[in-house]
Amino acid sequence: MSTETLDLMLALDQGQLDTQVALQCAPLLTNLKISNLLTVDRSLRSAVRRLFHGTPLSCYPLCETDGKASFLLYSRKGLSAYLARKDVWELMERFGYERREPAVILREAARRYQAHMEHRAGFPHEIGLLLGYPPGDVMGFIENEGRNSLCIGYWKVYTDAVRAKRVFACYDQARERVIRMISCGMNVRAILMSCGVS
């Protein structure tokens, strides 16, 4: 991150919802990613739903714990297309999913994620797939128990480090772009329109 962008980021009101969404979800807001996790103070959960109501993005509540609420923000088209891929669906089946409907998948993933966050179950690795991570990297993480990755960025990479580093650089650029947009007074809805999110 450039010094200029860092200064802009530090000047932002970190408690404002638009700022939190911009900082946590820039790749999604700029149409580079199919989904992102968003974690905010529990008091903002209704505001999150209102913010994305009527936009091309959906927000699905994953969990509430320790005064925080976590959502999966996602492109309906993008997530459906990703889950329909043969390699992705085969891994989802290995994780115990039998139905392909995103609503059914999200409901079960949220149940498993909540159980994990309450220390009642292990981590549901399908979350990596819901975030659009390459299936080979999700399996590599499981098989290596999180060790021996080729590189680490927005996720741990086990299959194609060159491609992943390019993706990480694009995500970093998106974050800088969105920070500049928020700093100029744009809100999340305006950013979505400006970036052509569908």
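Looking at this structure, is Ile179 more than 30 Å from Thr19 (Cβ to Cβ), in a helix (DSSP H, G or I) and hydrophobic (A, V, I, L, M, F, W, C)? When the stated conditions are applied, Ile179 does not pass them.
Scan the helices (runs of 4 or more DSSP H) fully inside segment 51-170 and keep the ones with 3 or more residues being of a type in the set (A, V, I, L, M, F, W, C) and buried (at least 17 other Cβ atoms within 10 Å of the Cβ). Filter on segment 51-170 gives 86-94, 102-117, 126-130, 135-143. Taking the numbered list (1) over 16 Å from the mean Cα position of the chain (by Cα); (2) at pLDDT 95 or above in turn, Arg180 passes all entries but (2). All of (1) out of contact with any strand residue (DSSP E or B) (no Cβ under 9 Å at 6 or more places or on another chain); (2) within 22 Å of Arg111 (Cβ to Cβ) hold for Ala69 with one exception: (1).
Step by step: first the residues of segment 37-50, then only those that are among the aliphatic types (A, V, I, L, M) and free of Cβ contacts under 8 Å to residues at least 40 places away in the same chain, then the one that is surrounded by the most Cβ atoms within 10 Å (Cβ to Cβ). Which residue is that?
Leu38
Pairs linking a residue in segment 168-193 that is over 20 Å from Cys59 (Cα atoms) and free of Cβ contacts under 8 Å to residues at least 60 places away in the same chain to a residue that is among the hydroxyl-bearing types (Ser, Thr, Tyr) and crowded, with 16+ Cβ neighbours inside 10 Å, with Cβ atoms under 6 Å and 6 or more positions apart or on different chains, are Phe168/Tyr154.
Considering segment 182-197, and only residues there that are in contact with an Asp or Glu (Cβ under 8 Å, 6 or more places away or on another chain) and part of a helix (DSSP H, G or I), the residue that is surrounded by the fewest Cβ atoms within 10 Å (Cβ to Cβ) turns out to be Val188.
Restricting the first member to segment 54-72 and to residues that are free of Cβ contacts under 8 Å to residues at least 40 places away in the same chain, and the second to residues that are part of a strand (DSSP E or B) and surrounded by fewer than 18 Cβ atoms within 10 Å (Cβ to Cβ), the beta-carbon pairs closer than 6 Å and six or more apart or on different chains are Lys68/Thr39; Phe71/Pro61. Of all residue pairs spaced 6 or more apart or on separate chains, those with beta-carbon atoms under 8 Å, a first member in segment 1-20 that is in a helix (DSSP H, G or I) and a second member that is at pLDDT below 70 are Met9/Met1. Sort out which residues of segment 41-50 are in a helix (DSSP H, G or I) and either of a type outside the set (Ser, Thr, Tyr) or modelled with pLDDT under 95 (or both), and write them in order of number. Of everything in segment 41-50, those that are in a helix (DSSP H, G or I) and either of a type outside the set (Ser, Thr, Tyr) or modelled with pLDDT under 95 (or both) turn out to be Arg42, Leu44, Arg45, Ala47, Val48, Arg49, Arg50.
The values are calculated or read from the model by the stated rules, or taken from the named source; none is laboratory data. Since we're looking at a predicted model, the values are computed, not measured. We place every Cβ from the backbone using ideal geometry, glycine too, and count neighbours over all the protein chains shown.
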